[in-house]
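In what follows, a single structure is set out as structure tokens and then discussed.
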Amino acid sequence: MAPLLSMAGIKKHFGGVPALRSASLEVEPGEVHALIGQNGAGKSTLIKILTGLYRRDEGTVDFAGKPSHVTSPREAQNAGIATIYQELNLVPLRSVSENVVMGQEPRSFGFMINWPEAHRRTREILARFGIEIDVTAPLGSYSTAIQQLVAIARAVSMDAKLVIMDEPTSSLDSSEVEILFGVVRELKSSGVSVLYVSHFLDELFQICDRVTIMRDGQTVGCRAIAETTKLDLIAGMLGRNAEEIAAEGLTELAGGRAAYDEVVLEVDKVATGPRLSDFSMTLHRGEIVGLGGLLGSGRTEAARSIFGLDHLTSGAMHLMGREFEPSEPSEAIRARIGFLTEDRKAEGIVPDMSVRENLTLALLPNLRRNGQIDRDREKELVGEFIQKLGIKTSHMDQPIRELSGGNQQKVLLARWLATKPDILILDEPTRGVDVGAKREIQTIIRKFVDDGHAVILISSEFEELVEGANRIVVMHEGKAVSELTNPGITENALVKALAHHEEATA
Amino acid sequence: MTSLTSEHTMRTGVATKLKSHGGLIALGLILVFNIIVTPNFLHTQTLAVNISQVATIAIVAMGMTLVIATGGIDLSVGAVMALSGALAPLIFMSEFGQAYPVLGLIGALFFPLVAALLCGLFNGVIVAVLRVQPIIATLILFISGRGIAQVLTNGNLQTFSYPEFSYLGTGKILGFPFQGWLALAIACFLFWVVNRTVFGRYLLAIGGNERAAKLAGGPVRRVKIGAYVICSILSGLAGLIVVAINSASDAARNGNLMELDAIAAAVVGGALLQGGKAPIFGAILGAVIIQLVKYTLLANGVEDEVALIAKAAIILAAVYIQQARKE
């Protein structure tokens, strides 16, 4: 059978810098095909060429048996290539039906929208994926998962032959991921191909048929998923050898020393609202305490309460033995606490500002001299951090939005390290960054803790918690329900601890 | 200053350089057009007239630029001008002002600016603390400010002859109008504030990503209120200058439609309405362009109504260039 999509010898330069040097990709009809690689490997450039956002310098693209020369996303859509972006491009205030039929509304008398027909059609499409919701309700009233499925439903209703999903599960919890996988399988069985881009390698083994690996703008391999292993894929992305990685463990967080006795932070029965009703924990110097739990269990709210973002309605906190109740982030920062937030784009970077300006944002009050910013000290400091953390940027005055996700994350980490904090709260510090940057970030965290500081770690990646944390506080529905202590924590034990409470309340 | 321009050129490629200098190119075209067409354009008199006219727009536009940098807008600038302009003659023409001319003059400069500061505080608190949309929040003073000014003066035109006060609008230093120098001094100061101070850095960060700025410990409320206060004080100053130029205060006309000129000048100068950019000298450039277009049409006998259409065309062009720059 001829492949549905065949891209070969694709080259693309941006102002003399090669983004793609020799990329290829082949997708069979009805196949779920994974595309993986570190940030900056060229995945998104390749996809943007496919969807007409960029024009290729060289190479050929054949789609559905014909050479393809799409020059805009709209043309790509008409040709049968639909893209589900990380940031959904739907209208949250309009109804589910409106979002699905937008641009191709069924009409009566040629000019009025036939709403009963639109609703019927929408219900029918969603039913195919086993979703039954009120299609007349505003889209925004549903969870991210449902919204994502609606975006997929919209793509399907337009007779897409190839659906591109860019990190579709990054904001979904585990039950929602299952629903999404069901949809992907349904697409596959009806002959639609899916190009699946994800940093979560475990997922690939559940739903993908084949995987294409990219590195440094080149396609370095294409394998059947059944014949490969996770280590193999990581090795391929990093350009390293599998045995080497196996010997060193999956994360760089492991190998911590025993914590000191000195308690730095004590949180006692803290509540801030319905989503955090009873949270307690103790944090020692030289220790990583993990917060375990599912999406919505109150982990982020716990972090927000310590950082002064949500005000306590009951309970108390003690920092270095003294009572502590910050009313604003600036107060928490002065008390030497840093908070690396989960959503890098919405709560982390100031996109139009430079790497330098982003890096020193939390440090500004300390950089003031004679009423102005001490530019020499600022530059010196930023230069130091760029070197120490290996931040890849052409110049410290490059806008941060031009950096890859991993490097943006390193800048944000540096923003907090520069304030010389005693406690760092890290909410998903390695989400959405590639394998290489992930290991580097983990190394930085490990070193910070080994220097005698303390970390509160929130992570959906169990291996980070299991290998890195001295203790894990398990949370469920806004409460701290139990605590696991290392050594002795395994991924199984953690899953069991989470599942146990899940069942108990079910 | 040199290090900043070199940084800037590094960031922008050759192609975008043309677009980012669209304002300067437009200014050049207008100048060339005038030199050829407008009679007596290259005359110091013409220059002086234009500088004295443009200074008020420029001063208000710089304040507007700071507010726009936070992602806000201030519609009340014209009304604040009317208010401070109405207060000044009331003070120096009062019995007290007549009895103690020096104190009267100081008071006539000081209290109108305090009133303007309070207006800015009012705007800032409503926007930053009560979280009302800036366009609605500043609409309150847009409507009531001029009303208050007219009530204070009973709707009368206040004329006066007071050379010490009029110096603000008619004085000359080295042959150029005093208010031109004043605008330039304010521009240098604000440029320093935006590019070198902690306040300026926070201002741009808040406009660029307010949540990130807050999470990094930025005093979001204080900085926003500060921007509205500076904008109002500058508007108040502009109001005084207009009164000084005319030797008369007309609460109904002082600063009328100034909000539109100021916003247009800021946008032509490169301010992004979504925030995050504060080109102070751009605001001056924008003000100069708008003033020159006005002058060009007037000097060549084109009617006022047509001049308004031309102004709209400039704004359209500026917005188009901004859009193109984004891509």
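Some values worked out for this structure:
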| quantity | calculated |
| --- | --- |
| Test for B:Arg221: is it charged (D, E, K, R), closer than 17 Å to B:Ile280 by Cα and assigned to a helix (DSSP H, G or I) | no |
| Flag for A:Asp232 being surrounded by fewer than 19 Cβ atoms within 10 Å (Cβ to Cβ), outside any loop (DSSP other than H, G, I, E, B) and modelled with pLDDT of 90 or more | no |
| Conditions (1) more than 8 Å from chain B (Cβ to nearest Cβ); (2) not in a helix (DSSP H, G or I): number failed by A:Phe339 | (1) |
| Helices (runs of 4 or more DSSP H) (entirely within the range B:25-133) containing at least 3 residues that are within 24 Å of B:Arg253 (Cβ to Cβ) and among the hydrophobic types (A, V, I, L, M, F, W, C) | B:44-69, B:77-92, B:101-128 |
| Evaluation of A:Arg74 against (1) assigned to a helix (DSSP H, G or I); (2) modelled with pLDDT of 85 or more (one fails), failing number | (2) |
| Some residue of the range A:202-220 being of a type in the set (Gly, Ala, Ser) and within 20 Å of A:Leu4 (Cα to Cα) | no |
| Condition check for A:Gly348: facing chain B (nearest Cβ under 9 Å), surrounded by 23 or more Cβ atoms within 10 Å (Cβ to Cβ), in contact (Cβ under 8 Å) with a residue 12 or more places away in the chain and at negative phi | yes |
| Complete set of residues in the range A:398-407 that are closer than 19 Å to A:Val433 by Cα, within 14 Å of chain B (Cβ to nearest Cβ) and either surrounded by fewer than 19 Cβ atoms within 10 Å (Cβ to Cβ) or over 26 Å from the mean Cα position of the chain (by Cα) (or both) | A:Pro399, A:Arg401, A:Glu402 |
| Given (1) within 20 Å of A:Ser354 (Cβ to Cβ); (2) in a loop (DSSP other than H, G, I, E, B); (3) within 14 Å of another protein chain (Cβ to nearest Cβ), index of the condition A:Pro421 fails | (1) |
| Any chance B:Lys224 is away from every other protein chain (no Cβ under 13 Å) and over 30 Å from B:Leu105 (Cα atoms) | yes |
| Qualifying residue in the range B:258-271 (condition: within 14 Å of chain A (Cβ to nearest Cβ), at positive phi, under 17 Å from the mean Cα position of the chain (by Cα) and buried (at least 22 other Cβ atoms within 10 Å of the Cβ)) | yes |
| Qualifying residue in the range A:304-313 (condition: farther than 30 Å from B:Tyr202 by Cα, modelled with pLDDT of 90 or more, surrounded by fewer than 20 Cβ atoms within 10 Å (Cβ to Cβ) and away from every other protein chain (no Cβ under 14 Å)) | yes |
| Residues of the range B:208-218 classified as in a helix (DSSP H, G or I) and at the interface with chain A (Cβ under 9 Å from one of its Cβ atoms), total | 6 |
| Filtered residue count, the range B:144-198, keeping only those that are β-branched (Val, Ile, Thr) and within 14 Å of chain A (Cβ to nearest Cβ) | 4 |
| Flag for A:Glu98 being in the same structural domain as A:Glu28 (by TED's automatic domain parsing), outside any loop (DSSP other than H, G, I, E, B), over 21 Å from A:Arg431 (Cβ atoms) and over 23 Å from the mean Cα position of the chain (by Cα) | no |
| Number of the condition not met by A:His13 [criteria: (1) in a strand (DSSP E or B); (2) within 22 Å of A:Gly432 (Cα to Cα); (3) modelled with pLDDT under 90] | (2) |
| Residue check, B:Arg201 within 14 Å of chain A (Cβ to nearest Cβ) and closer than 23 Å to A:Arg344 by Cα | yes |
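Residues are listed down the side, and each one gets a yes or a no for (1) of a type in the set (Phe, Trp, Tyr); (2) within 27 Å of A:Leu50 (Cβ to Cβ); (3) in a loop (DSSP other than H, G, I, E, B):
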| site | (1), (2), (3) |
| --- | --- |
| A:Val91 | no, yes, yes |
| A:Thr122 | no, no, no |
| A:Gly130 | no, no, yes |
| A:Gln147 | no, yes, no |
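For every residue, the table says whether it meets (1) more than 8 Å from chain B (Cβ to nearest Cβ); (2) under 25 Å from B:Leu273 (Cα atoms); (3) free of Cβ contacts under 8 Å to residues at least 12 places away in the same chain; (4) of a type in the set (A, V, I, L, M, F, W, C).
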{"site": "A:Arg356", "(1), (2), (3), (4)": "yes, yes, no, no"}
{"site": "A:Leu363", "(1), (2), (3), (4)": "yes, no, no, yes"}
{"site": "A:Asn370", "(1), (2), (3), (4)": "yes, no, yes, no"}
{"site": "A:Asp374", "(1), (2), (3), (4)": "yes, no, yes, no"}
{"site": "A:Lys379", "(1), (2), (3), (4)": "yes, no, no, no"}
{"site": "A:Ile391", "(1), (2), (3), (4)": "yes, no, no, yes"}
{"site": "A:Met396", "(1), (2), (3), (4)": "yes, no, no, yes"}
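The values are calculated or read from the model by the stated rules, or taken from the named source; none is laboratory data. If you're wondering where the values come from, they're calculated on a predicted model, not measured in any experiment. Reconstructed Cβ throughout: ideal geometry from the backbone, glycine too, with neighbour counts over all protein chains shown.
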